[in-house]
Amino acid sequence: MPELPEVEVVRRGLERWVTGRKVADVTVSHPRAVRRHVPGPEDFAARLTGRTIGTPRRRGKYLWLPLDGDEALLAHLGMSGQLLVRPPDAPDETHLRVRLRFTDDVHELRFVDQRTFGGLALADVTPGDGVPLPVAHIARDPLDPDFDDEAFAAALRRKRTGLKRALLDQSLISGVGNIYADEALWRARLHYARPTETITRAQVRPLLAAARSVMSDALEQGGTSFDSLYVNVNGESGYFDRSLDAYGRAGLPCRRCGTLVVREPFMNRSSYRCPRCQPRPRRLHG
């Protein structure tokens, strides 16, 4: 699934192309794409028509378009969702699910989703910060200027779980998925199963610095695209996969020390690490 850098790339593209535009009409081609909007596709289209879009925002992997009033258009990309900005006369994509036309008729916003695991919904927002209610429980991400490093360090030590499991906990820190967890842990020279209660506050600082640096680097390269499903609003793939240091590099030499990177099972997925740079601790979690 797309992680913070991939979603932020999409958000920045939307900020350029849809901020301030007024929705002329909405077409829902597949009801599953708006299944999280409980009143149904007709209500979704009717309530969105005539609304003006504010500056797109994001929390972790969730993206939303603020609307005039106390609602937002909430998007989750799932496994294959794409938000594309297209000219109105561009051919329809094979898996086009939802189309938003704007009153200026210069571009339209299309939600394309091959596997239909993602979706769109209208949601009420929390007073004050304007975060959609369905994602209000999601923690801030490490690139958020209001992220509290000290509070995160204290919460991490209370978790009593493995370090990577904690990094994937979106109620503790958002936007970090399997790829960037492995990359941050490689940069910080920490084993993925290190018990969180053994992490000192001094060790949390370089871990957060590693998470921030790897996601910032990924942002500069348009995110990580392993196939054509992860694209920006113009349909272009990112290329950070060429710069990965740990994830997907099993059997290849560590870029830092030359030891062969290993792949190990983790939560029905995989973890990649350098045995020398990220030695196995005496105590393990997960």
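The values are calculated or read from the model by the stated rules, or taken from the named source; none is laboratory data. If you're wondering where the values come from, they're calculated on a predicted model, not measured in any experiment. Using ideal geometry, Cβ is built from the backbone for each residue, glycine included, and neighbour counts are taken over all protein chains shown.
On the basis of being without any contact (Cβ under 8 Å) to a residue 40 or more places away in the chain, surrounded by 13 or more Cβ atoms within 10 Å (Cβ to Cβ) and either assigned to a strand (DSSP E or B) or among the acidic types (Asp, Glu) (or both), does Arg249 make the cut?
Here the answer is no, as Arg249 does not meet what is asked.
Does at least one position in segment 65-86 carry a residue that is outside any loop (DSSP other than H, G, I, E, B) and over 25 Å from the mean Cα position of the chain (by Cα)?
No, that holds for no residue.
Can you tell which of Val106, Val38, Val98 is among the β-branched types (Val, Ile, Thr) and surrounded by 14 or more Cβ atoms within 10 Å (Cβ to Cβ)?
Unique residue meeting the criteria: Val98.
Can you name the residue in segment 126-172 that is within 22 Å of Gly78 (Cβ to Cβ) and β-branched (Val, Ile, Thr) and, of all such residues, is surrounded by the fewest Cβ atoms within 10 Å (Cβ to Cβ)?
Ile138
Looking only at segment 63-86, decide whether some residue is closer than 28 Å to Ala181 by Cβ, touching a strand residue (DSSP E or B) at 6+ places or on another chain (Cβ under 8 Å), aromatic (Phe, Trp, Tyr) and modelled with pLDDT under 95.
The answer is no; no qualifying residue exists.
Condition check: at pLDDT 95 or above, among the hydroxyl-bearing types (Ser, Thr, Tyr) and surrounded by fewer than 19 Cβ atoms within 10 Å (Cβ to Cβ). Does Thr52 satisfy that?
Answer is yes for this residue.
Just give me the residues in segment 19-53 being under 26 Å from the mean Cα position of the chain (by Cα), of a type in the set (A, V, I, L, M) and closer than 20 Å to Asp124 by Cα, in sequence order.
Passing the criteria: Val23, Val26, Ala33, Val34, Val38, Ala45, Leu48, Ile53.
Which numbered condition in (1) touching a helix residue (DSSP H, G or I) at 6+ places or on another chain (Cβ under 8 Å); (2) in a strand (DSSP E or B) is the only one that Val9 fails?
Of the numbered conditions (1) touching a helix residue (DSSP H, G or I) at 6+ places or on another chain (Cβ under 8 Å); (2) in a strand (DSSP E or B), the odd one out for Val9 is (2).
State the number of residues belonging to segment 28-56 that are in contact with a helix residue (DSSP H, G or I) (Cβ under 7 Å, 6 or more places away or on another chain) and either in contact (Cβ under 8 Å) with a residue 60 or more places away in the chain or polar (S, T, N, Q) (or both).
5
Could you pull out the residue among Glu71, Glu108 that is more than 17 Å from Gly13 (Cα to Cα) and either assigned by TED's automatic domain parsing to the domain that holds Pro31 or not aromatic (Phe, Trp, Tyr) (or both)?
Glu71
Each row is one residue, and each column tells you yes or no for (1) part of a strand (DSSP E or B); (2) modelled with pLDDT under 90; (3) buried (at least 16 other Cβ atoms within 10 Å of the Cβ); (4) in the same structural domain as Ala181 (by TED's automatic domain parsing).
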position	(1), (2), (3), (4)
Ala209	no, no, no, yes
Met215	no, yes, yes, yes
Ser228	no, yes, no, yes
Arg255	no, no, no, yes
Pro265	yes, no, no, yes
